[in-house]
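Asker: Mind looking over this structure? Questions follow.
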Amino acid sequence: MKPKIFTTVPLPEKVEKNISEYCEIDKWTGDRSIPRHILLEKIKDVVGLYSTGVGIDEELLRHAPNLKIVSNVSVGYNNFDLEAMKRFNVIGTNTPYVLDESVADLTFALILNAARRISELDRMVKEGQWGKSDDDKEYFGVDVNSTKLGIIGMGRIGKALARRAKLGFNMDVLYYNRNRKLDVEEEYGVKYADLQSLLEHSDFVVLLTPLTPDTYHLIGEKEFKLMKKSAFFINVSRGQTVDEQALISALQNKEIKGAGLDVFTKEPIEPKNLLLQLNNVVVTPHIGSATERTREDMAVRAAQNLVAVVTGKDPIDRVI
Ligand code: DGY
């Protein structure tokens, strides 16, 4: 009998075919995320869980005595309680590398959109307001090219972003990271800065750091006050790396000029969240890696990790 796995997300056809050579697959087919009580029931007898963003904690692990692996279809793994997984001897994997370029693309799209007010002016044109004023200064934005970009978190995505900024947009790039990245400094001429100096000098501040206990609310009231009044803040990491109330205040009080956000404290964001009422904020629904090609590559990689562990081998992307 093949070992059983459960997936909370749909599988591309070729991935399903590949996994089913080694495993019996049970899947969630509902339109909305699987309710927790159903998930706990479904994982009673599985050896593998294939999912995105499902909270893996002690309660869940107690319900799955045969579980050997949780394969995340994402690079972030802040949904893992790493200590609990270690105690229960459950392996956790993620899907790095394959999404770096797509997330860097989306990040740059948010920078350009916020600076040139694309979403705001798109709404204006569609509402028939173009030409209501003779003064086209009303449509002015600010330049992205030849300005200063500050990247907080210089991992693979940061490097892909730095490449776009330096080679495509002639930007001066500062970065802040736990460790200096001399290879990136050498390759692209980016400069290391401490967090305070990066915040004080950047025209665009991009947050790319993973969410960990150390990066929770890394950017808050004090940090927004350090930023230029003309600066834009872009977040494509996790919502909890920023104090969202402080961000709203900074935008309302014009301590910064605007923001581009792909991630939020609560997702999906509440429709009444004040961020959605501000014209100088561009939002997307956590789509950093959401292209057909990249999502398929992530699915393949997550399947390779899952099958490896289920068949007694080492996965390529073990994080715990
Ligand atoms: C990830 O994979 O963690 C990204 O947030 C997806 O967009």
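The values are calculated or read from the model by the stated rules, or taken from the named source; none is laboratory data. Nothing here was measured: the structure is a model prediction, and the numbers come from that model. Note: ideal-geometry Cβ built from the backbone for every residue, glycine included; neighbour counts use all protein chains shown. Please note that ligands, DNA and RNA were not included when accessible areas were found on the heavy atoms of the full protein model with its side chains. Shrake-Rupley method; radii C 1.70, N 1.55, O 1.52, S 1.80 Å.
Asker: Restricting the search to segment 309-320, which residues are of a type in the set (D, E, K, R) and assigned to a loop (DSSP other than H, G, I, E, B)?
Answerer: Initially, segment 309-320 is screened for residues of a type in the set (D, E, K, R), giving 313-314, 317-318.
Answer for segment 309-320, where residues must be of a type in the set (D, E, K, R) and assigned to a loop (DSSP other than H, G, I, E, B): 313, 314, 317.
Asker: Taking residue 285 as the residue in question, decide whether it is within 16 Å of the ligand (Cβ to nearest atom), at pLDDT 95 or above and open to solvent by 10 Å² or more (accessible area, probe 1.4 Å).
Answerer: On the way: within 16 Å of the ligand (Cβ to nearest atom): yes; at pLDDT 95 or above: yes; open to solvent by 10 Å² or more (accessible area, probe 1.4 Å): yes.
Judged against the criteria, residue 285 is a match.
Asker: Any residue in segment 84-99 that is within 11 Å of residue 302 (Cβ to Cβ) sitting within a Cβ distance under 6 Å of a residue that is more than 16 Å from the ligand (Cβ to nearest atom)? List the pairs, counting only those 6 or more apart or interchain.
Answerer: Close Cβ pairs (under 6 Å, with a partner that is more than 16 Å from the ligand (Cβ to nearest atom)) amount to 93/315; 93/318.
Asker: Okay, next question. Could you check, for segment 115-123, whether at least one of its residues is among the basic types (Lys, Arg), away from the ligand (no atom under 15 Å from the Cβ) and open to solvent by less than 60 Å² (accessible area, probe 1.4 Å)?
Answerer: Looking only at segment 115-123, we keep the residues that are among the basic types (Lys, Arg), and these are 116-117, 123.
Remaining after also requiring away from the ligand (no atom under 15 Å from the Cβ): 116-117, 123.
Now narrow it down to the ones that are open to solvent by less than 60 Å² (accessible area, probe 1.4 Å): 117.
Taking every residue of segment 115-123 in turn, at least one turns out to be among the basic types (Lys, Arg), away from the ligand (no atom under 15 Å from the Cβ) and open to solvent by less than 60 Å² (accessible area, probe 1.4 Å).
Asker: If we scan segment 211-233, do we find a residue that is buried (at least 16 other Cβ atoms within 10 Å of the Cβ), outside any helix (DSSP H, G or I) and within 16 Å of the ligand (Cβ to nearest atom)?
Answerer: yes
Asker: Next question. How do the helices (runs of 4 or more DSSP H) wholly within segment 52-124 filter down when requiring 2 or more residues that are out of contact with any Ser or Thr (no Cβ under 6 Å at 6 or more places or on another chain) and farther than 30 Å from residue 148 by Cβ: which remain? I'd like the intermediate steps shown before the answer.
Answerer: On the way: elements: 58-62, 82-87, 100-116.
Those helices (runs of 4 or more DSSP H) span 58-62, 82-87.
Asker: With the requirement that a residue be assigned to a helix (DSSP H, G or I), more than 16 Å from the ligand (Cβ to nearest atom) and of a type outside the set (Ser, Thr, Tyr), what does segment 239-272 give you?
Answerer: Let us first name the residues in segment 239-272 that are assigned to a helix (DSSP H, G or I), namely 239-241, 244-252.
Keeping just the survivors that are more than 16 Å from the ligand (Cβ to nearest atom) gives 244-252.
The answer is 244, 245, 246, 247, 248, 250, 251, 252.
Asker: Is it the case that residue 78 is open to solvent by less than 30 Å² (accessible area, probe 1.4 Å), polar (S, T, N, Q) and closer than 25 Å to residue 297 by Cβ? Full working, then the answer.
Answerer: Values: open to solvent by less than 30 Å² (accessible area, probe 1.4 Å): no; polar (S, T, N, Q): yes; closer than 25 Å to residue 297 by Cβ: yes.
In short, no.
Asker: Okay, moving on. Inside segment 271-280, can you point out the residues that are open to solvent by less than 70 Å² (accessible area, probe 1.4 Å) and free of Cβ contacts under 8 Å to residues at least 60 places away in the same chain? Write out each step before concluding.
Answerer: Filtering segment 271-280 for residues open to solvent by less than 70 Å² (accessible area, probe 1.4 Å) gives 273, 275, 278, 280.
Scanning segment 271-280 gives 273, 275, 278.
Asker: Between a first residue in segment 33-61 that is under 23 Å from residue 15 (Cβ atoms) and a second residue that is surrounded by fewer than 13 Cβ atoms within 10 Å (Cβ to Cβ), which pairs have beta carbons less than 7 Å apart while being 6 or more apart in sequence or on different chains?
Answerer: Partner pairs satisfying both residue conditions: 45/66; 46/66; 47/66.
Asker: Kindly check whether there is at least one residue in segment 131-148 that is closer than 25 Å to residue 289 by Cβ and open to solvent by 70 Å² or more (accessible area, probe 1.4 Å).
Answerer: As a first pass, look at segment 131-148 and keep what is closer than 25 Å to residue 289 by Cβ: 144.
Of the ones still in play, those that are also open to solvent by 70 Å² or more (accessible area, probe 1.4 Å) are none.
The answer is no, given that none of the residues of segment 131-148 is closer than 25 Å to residue 289 by Cβ and open to solvent by 70 Å² or more (accessible area, probe 1.4 Å).
Asker: Just to be sure I understand, how many residues within segment 131-167 are modelled with pLDDT under 95, assigned to a loop (DSSP other than H, G, I, E, B) and not small (Gly, Ala, Ser)?
Answerer: Looking only at that region, the number is 3.
Asker: So how many residues does segment 288-309 have that are within 15 Å of the ligand (Cβ to nearest atom) and either open to solvent by less than 30 Å² (accessible area, probe 1.4 Å) or of a type outside the set (S, T, N, Q) (or both)? Give the steps one after another, and end with the answer.
Answerer: Going through segment 288-309, the residues within 15 Å of the ligand (Cβ to nearest atom) turn out to be 288-302, 305.
Subset that is either open to solvent by less than 30 Å² (accessible area, probe 1.4 Å) or of a type outside the set (S, T, N, Q) (or both): 288-290, 292-302, 305.
Number satisfying all stated conditions: 15.
Asker: Open to solvent by 60 Å² or more (accessible area, probe 1.4 Å) and under 17 Å from residue 311 (Cα atoms) - does that describe any residue in segment 49-59?
Answerer: There is no residue in segment 49-59 that is open to solvent by 60 Å² or more (accessible area, probe 1.4 Å) and under 17 Å from residue 311 (Cα atoms).
Asker: Residue under question is residue 306, and the condition is that it be touching a Ser or Thr at 6+ places or on another chain (Cβ under 8 Å), at negative phi and not in a helix (DSSP H, G or I); does it hold?
Answerer: Working: touching a Ser or Thr at 6+ places or on another chain (Cβ under 8 Å): yes; at negative phi: yes; not in a helix (DSSP H, G or I): no.
Taking the combined requirement at face value, the residue does not satisfy it.
Here's the yes/no breakdown for (1) closer than 30 Å to residue 167 by Cβ; (2) assigned by TED's automatic domain parsing to the domain that holds residue 300; (3) in contact with a Cys (Cβ under 6 Å, 6 or more places away or on another chain):
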{"residue": "41", "(1), (2), (3)": "no, yes, no"}
{"residue": "48", "(1), (2), (3)": "no, yes, no"}
{"residue": "63", "(1), (2), (3)": "no, yes, no"}
{"residue": "124", "(1), (2), (3)": "no, no, no"}
{"residue": "142", "(1), (2), (3)": "yes, no, no"}
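Asker: Among the residues of segment 95-113, is any farther than 30 Å from residue 306 by Cα, open to solvent by 30 Å² or more (accessible area, probe 1.4 Å) and either within 14 Å of the chain's Cα centre (by Cα) or within 14 Å of the ligand (Cβ to nearest atom) (or both)?
Answerer: Going through segment 95-113, the residues farther than 30 Å from residue 306 by Cα turn out to be 108-113.
Keeping just the survivors that are open to solvent by 30 Å² or more (accessible area, probe 1.4 Å) gives 109, 112.
This time we only want the ones that are either within 14 Å of the chain's Cα centre (by Cα) or within 14 Å of the ligand (Cβ to nearest atom) (or both), so: 109.
Taking every residue of segment 95-113 in turn, at least one turns out to be farther than 30 Å from residue 306 by Cα, open to solvent by 30 Å² or more (accessible area, probe 1.4 Å) and either within 14 Å of the chain's Cα centre (by Cα) or within 14 Å of the ligand (Cβ to nearest atom) (or both).
Asker: Check whether at least one residue in segment 158-178 is in the same structural domain as residue 241 (by TED's automatic domain parsing), touching a Leu at 6+ places or on another chain (Cβ under 8 Å) and surrounded by fewer than 17 Cβ atoms within 10 Å (Cβ to Cβ), and report yes or no.
Answerer: Scanning segment 158-178, I find no residue that is in the same structural domain as residue 241 (by TED's automatic domain parsing), touching a Leu at 6+ places or on another chain (Cβ under 8 Å) and surrounded by fewer than 17 Cβ atoms within 10 Å (Cβ to Cβ), so the answer is no.
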